[in-house]
Every structure is written in structure tokens, then in C-alpha cells.
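The values are calculated or read from the model by the stated rules, or taken from the named source; none is laboratory data. In this text the structure is predicted, and so the values were computed from the model without any measurement. Don't worry about glycine lacking a Cβ; one is built from the backbone with ideal geometry, like all the others, and counts go over all protein chains shown.
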Amino acid sequence: MLVSDMQVVDIKAIAQQANSSLQEAWHLGCTGRSVEALTLAGEILADAKARGDDRLAAQCDTDIAWYCFQIGKAELGLTHVRRAVDFWKLTGERKQESCARAYFGWLLLELGLPEEAIEEATRALDLADKAADPKAQSLATNVIGIIFWCNKQPDRAILMSERSVELARSIGNKNYECWWLINLGGAHSEGGYIARALGQPEQEHQMLVRALELTEQALDIAIEIGDSWAARLCLGNQAEFHSHLGEHDKALRCMARYRLFQENSYVRDRQQYLYTLGQIYNNSGKFTEALSPLLAAVELMDAGGSFDSYVQIYLYLSQAYEGLGQFDPALEAHKKYH
């Protein structure tokens, strides 16, 4: 069948419009509006499938995986990213496969599967290196850093996260720089918590102060680029770090500021807000005040979230019950924590 010049023009116009819409969705996801981004990308995906545009569909699936991560829908994200990985592997497009595998690894980690996560993230970095693409290298390196952080290997996490930030800066990607700085701060905080457990208060203080500095850098960028999602993460993390330093008033001020960025918040964010508030009250001995936000966080679990969120919620809930002398529910929450 012959295709007329007019049909060729129509096909090109449709493709251009779809790509423009996909860029619009990405912008939404970079400015704290990932539910809208997910909806728009889903519409583009449905249209791409209807037209038989498999490459555009794979691009949609890749981006949707990130939006699902942001809003706490890891299982849905895995459905999309698996399709994307299969397509990019089939077509031999290393950069795209690297990005998809990096998201794949991150989502697996969200579901508490670190061994599978590191396998995908390592593949992602290998592909990014072969493609010599600094953006893909930055993403994959960051995911490996997060896996080390979650597996309580802060020294390795810091090295990888520092490298991911350097790569982001080298290409002028403010979103990546902001997001990866948040994780670099988190890796430093983990070093602080381990130092506390080892009876090294000076090292703990040094690491947590550095975590606050890095997170403040990320917050400045988040505000500059209008990313309310990243701003919420920054303020929640800063509240946690201040609380561990015994600076409970500063922690509560961070939480008050957090509420200024709650428009378009997601399940994952709301859980962080609630369990961090509970943690602050626990640390200041206000166990009655801690129960309400922590129980509200439990109620959100069926709506989504991350494995790490569930761990934090049950840990702080067990501490609150123990502080109130309610040992049966404390034990039950502690069992769920483990």
C-alpha cells in the first residue's frame, strides 16, 4: 500500500505532538505534579499502542515507572518498566535500556528486594558506561548509592551519590542534582546513625550536620525549579536529622514549613510527613501526640507507599506504645517492624 505525502505529514505531526506531550508530562513530574504526569503519560501510551508506535509506548512506560516511584505505586511501576526494558533490550538502545533498568532497580528496592535491585542497577550502570551517556550514568550511579544506603553501607553510598551529583552538575541537570543531593544527605545521615550505635557521638554529630547542609542545598534547588515533591522530601529529612540531634523545635519548624508544599502531595509524601512527625514526638517524649500521626500513616498503607516507609512507621509506632506503657500493641508493632 502506498502512503501519500499528506499521510506522511499527518504521521509526523502526530509523532511530534505525542513527543511534545510526553515532554509536558515530564515537566509535570519535575515540578511536583506527578499524578497529572502519570495521567497524561497514560493517555499518550494508550494512543501510541493504538497506532502501533512501539517506541513511543516504551518511552511512556519508562517515564511512567518514575512517576509511579514518586507517588508510591511501585507495583504498577514495575508492570510498565518491565515492558520498557524488554523493548529497549530488543532494539539495542543502551541509553534507554539503562534508564529503564535503573528505575526497575529502584522500584524493586521500594518493595524490599535489595538483591534484585542491585542486579538491575549494576546492569543499568554497565549499559550507561557503554553508551558513554553521563545522564544515564548519573541515574544508575545514584540508584546504586541508594541501595548501599538502604543496606547500611554509608561509605559506599556516599561515594556513589557524590559521583551521581557530579555527573548531574556536569550536564547542568538541576532536577537530578537536587534529587541526588537529597540521597547524598540521606547517606550521610545513615553514617551518623551507625556512629551513634557504635558510641561515637562526635562522628554522629558531624555526619548529621553534613546531612543537613547537603539537604539544604537540595532544598534551595527544589524551590528554584519549583519542585514541591523534592521540597517535601528535603523538609521531612531535615526534620528527622534535627530530631536526632535533639533539636526538636527546629524539627517541628521544618514540619510546619513542609505543609506549605503539600499541594499535589502523594501517598508516599503523606506517609513520610506522618511518620516523621511521630518520630519527632517520640524523640521528645511526647508519646500520646506521636500515636495519632503514626496510626494515620498505617491507614495509608493500603493506598501505596514504600517498604522503607512501612518499616519506619511500625518502628516508631512500637516506640510510642512502649513509651505509653502499652506493651501488647508495642510488641505487635515491633513484630511487624521486623
*Would you mind stating whether GLU190 is in contact with a Cys (Cβ under 9 Å, 6 or more places away or on another chain) and more than 23 Å from LEU274 (Cα to Cα)?*
no
*Go through the residues of region 90-107 one by one and say whether even a single one is more than 24 Å from SER164 (Cα to Cα) and of a type in the set (A, V, I, L, M).*
yes
*Scan region 57-71 and give yes if some residue there is out of contact with any Asp or Glu (no Cβ under 7 Å at 6 or more places or on another chain), over 25 Å from GLU224 (Cβ atoms) and surrounded by fewer than 22 Cβ atoms within 10 Å (Cβ to Cβ), otherwise no.*
no
*Which ones in region 82-109 are surrounded by fewer than 24 Cβ atoms within 10 Å (Cβ to Cβ) and acidic (Asp, Glu)?*
ASP86, GLU93
*Residue within region 30-40 that is of a type in the set (Ser, Thr, Tyr), surrounded by fewer than 16 Cβ atoms within 10 Å (Cβ to Cβ) and modelled with pLDDT under 95 present*: no
*Since ALA297 meets every condition but one in (1) within 25 Å of ARG33 (Cβ to Cβ); (2) out of contact with any Asp or Glu (no Cβ under 6 Å at 6 or more places or on another chain); (3) touching a residue at least 40 places away in the same chain (Cβ under 8 Å), which condition does it not meet?*
(3)
*Just need a number here: residues in region 143-191 that are farther than 19 Å from LEU113 by Cα, free of Cβ contacts under 8 Å to residues at least 40 places away in the same chain, buried (at least 22 other Cβ atoms within 10 Å of the Cβ) and not β-branched (Val, Ile, Thr).*
8
*Filter region 114-131 down to residues that are among the aliphatic types (A, V, I, L, M) and over 12 Å from GLN96 (Cα atoms), then give me how many there are.*
3
*Would you please name the residue that is surrounded by the most Cβ atoms within 10 Å (Cβ to Cβ), looking only at residues in region 218-248 that are touching a Gly at 6+ places or on another chain (Cβ under 8 Å) and of a type in the set (S, T, N, Q)?*
ASN237
*helices (runs of 4 or more DSSP H) contained entirely in region 16-130, each with at least 3 residues that are over 20 Å from TRP180 (Cα atoms)*: 34-51, 54-71, 74-91
*Selection status of ASN283, on the phi < 0 side of the Ramachandran plot, in contact with a Ser or Thr (Cβ under 7 Å, 6 or more places away or on another chain) and surrounded by 22 or more Cβ atoms within 10 Å (Cβ to Cβ)*: no
*asked:* Test of understanding: among GLU162, GLU190, GLU213, which residue is more than 24 Å from ASN283 (Cα to Cα), at pLDDT 95 or above, under 20 Å from the mean Cα position of the chain (by Cα) and assigned to a helix (DSSP H, G or I)?
replied: GLU162
*asked:* Looking for something at pLDDT 95 or above, closer than 17 Å to ALA218 by Cβ and crowded, with 20+ Cβ neighbours inside 10 Å - is there at least one such residue anywhere in region 119-136?
replied: no
*What is the residue count in region 248-262 for residues that are within 11 Å of ILE280 (Cβ to Cβ) and either touching a residue at least 40 places away in the same chain (Cβ under 8 Å) or of a type in the set (Lys, Arg) (or both)?*
2
*All but one of (1) more than 19 Å from ASP249 (Cα to Cα); (2) in contact with a Phe, Trp or Tyr (Cβ under 9 Å, 6 or more places away or on another chain) hold for THR276; which doesn't?*
(1)
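Looking for whichever is hydrophobic (A, V, I, L, M, F, W, C) and out of contact with any Gly (no Cβ under 7 Å at 6 or more places or on another chain) here; the options are ALA131, ALA187. Which one fits?
Exactly one of ALA131, ALA187 is hydrophobic (A, V, I, L, M, F, W, C) and out of contact with any Gly (no Cβ under 7 Å at 6 or more places or on another chain), namely ALA131.
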*Would you mind finding the one in LYS286, LYS250 that is more than 20 Å from ILE71 (Cα to Cα), over 19 Å from the mean Cα position of the chain (by Cα) and at pLDDT 95 or above?*
LYS250
